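Notes follow once the structure below has been shown.
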Amino acid sequence: MSAKCPDECPRKFVVGGNWKMNGSKKQIDEIISFLKAGPLDSNTEVVVGVPAVYLEYVRNNLPANIGVAGQNCYKEEKGAFTGEVSPLMLKDINVDWVILGHSERRQIFKETDDLIADKVAFALEKGLKVIACVGETLEQRESGKTEEVVFAQTQAIASKLKDWTNVVIAYEPVWAIGTGKTATPQQAQDVHKALREYIAKNIGADIAKSIRIQYGGSVTGANCVELAAMPDIDGFLVGGASLKPEFVNIVNARQ
Ligand code: PEP
């Protein structure tokens, strides 16, 4: 069965690139060139997460079929929040997406489940689409807490949301991010399936069916096809490899 058939596969594959705090105008021009050259599978939605200072430049230089995401935004419209970016500012420069709750924000910047939930709710209210990241640390996995952690992070967001239409969840095991250690396709599938079942039971059966769950953590051109073949993996969030031409292969991973 081809996963590309829209009837068999109601959830459109979605691949995000998270450039993190990387890039210069020169490097970004190179990335824009390989993204434009593609070819990118038209059955896949593509979004790139760009450092704040380059967002407008990238939005103005990429074709409209490639989405652009902020890597963070705050839970207020404006005011005395030095260093923060408002969702209204992203909208003002035609940026339609934001990545929230990335593990680097959680771990390095001490963002809590509660703050992340507030940010997700506020960004959605202001008309952004959100990639909301969840995932366990190595210690949590080794102590058998993967599902507990991922469910709790998702529930924190659910408690502040009415509508999940514009949300993509990125399941990103922290131990796999930037480490070269990818979850096996089965490990990733197990968590995605369990999370979808949790959502069906606790948030809504229709939401569980339609919500797209990306896998993130050392995805490369070499491992993406096997991961993309898993029934509950609806796309990827890609860090390091999104800066390289192999990102095109990752976008095209679904066979
Ligand atoms: C990420 O930054 O979300 C990520 C998954 O990084 P990497 O692909 O480099 O592991």
Where a Cα-Cα gap under 14 Å defines reach, which aspartates and glutamates qualify for LYS160, not counting those fewer than 8 residues away within the same chain?
ASP113, ASP114, ASP118, GLU125
Give me the percent of the accessible area of the chain that comes from carbon and sulfur atoms, probe 1.4 Å, all protein chains in place.
51 percent
Nearest-0.05 FRET efficiency for ASP206 and GLU125, computed from C-beta distance (R0 25 Å):
0.75
Projected label distance in nm at LYS160 and MET21, using a 7 Å step from Cα toward the beta-carbon
2.3 nm
Lysine pairs with alpha-carbon atoms under 25 Å apart, the stretch 31-111, spacing 8 or more or separate chains
5
Restraint check, LYS25/LYS126; LYS119/LYS181; LYS162/LYS201, Cα-Cα greater than 22 Å
LYS25/LYS126; LYS119/LYS181
Find out how many positive minus negative residues lie around ASN223, taking Lys and Arg as positive, Asp and Glu as negative, among other residues whose Cβ is under 12 Å from that of ASN223.
-1
Quickly rank 124-131, 53-60 as a protection proxy: mean count of other C-beta atoms within 10 Å, highest first.
124-131, 53-60
Where the stretch 1-150 is the region considered: accessible area per residue in Å², 1.4 Å probe
50 Å²
Filtered hits (aspartates and glutamates, Cα-Cα < 13 Å from LYS26, offset >= 8 within chain) -> none
As a test of the formula, what do you get for the chain when each DSSP H run with n ≥ 4 contributes -39,500 (n - 2.57) and the sum is divided by the residue count, at 222 nm and rounded to the nearest 500 deg cm²/dmol?
-11000 deg cm²/dmol
Contour minus Cα-Cα span, LEU138 to ASN60, at 0.36 nm per residue, comes to 24.2 nm
Highest mean first, how do 153-166, 205-218 rank when packing is the count of other Cβ atoms within 10 Å averaged over residues?
205-218, 153-166
The alpha-carbon center of the stretch 42-107 and that of the stretch 195-255 are separated, in whole Å, by 20 Å
Taking amide H atoms as placed 1.01 Å from N in the peptide plane, list the residues 5 or more away in sequence, or in a different chain, whose amide H sits under 5 Å from that of SER86.
TYR74
Report ³J(HN,Hα) in whole Hz for each residue of the stretch 13-19, in order, from the Karplus equation J = 6.51 cos²θ - 1.76 cosθ + 1.60 where θ = phi - 60°; Gly and Pro get x.
4, 9, 10, x, x, 10, 6
The answer for THR137, listing residues at least 5 apart or on another chain whose modeled amide H is closer than 5 Å to its amide H, is VAL174
So what's the stretch 21-175 giving for Rg/Rh, alpha carbon basis, Kirkwood Rh from the mean inverse pair distance?
0.98
Here the averaged projected area of the stretch 108-255, based on the convex hull of its alpha-carbon atoms and given in nm², is 8.8 nm²
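The values are calculated or read from the model by the stated rules, or taken from the named source; none is laboratory data. Quick caveat: nothing in here was measured; it's all calculated off a predicted structure. When we count neighbours, we look across all protein chains shown, and the Cβ atoms used for this are built from the backbone with ideal geometry, even at glycine. Note: areas computed on protein heavy atoms with side chains; ligands, DNA, RNA excluded. Shrake-Rupley method; radii C 1.70, N 1.55, O 1.52, S 1.80 Å.
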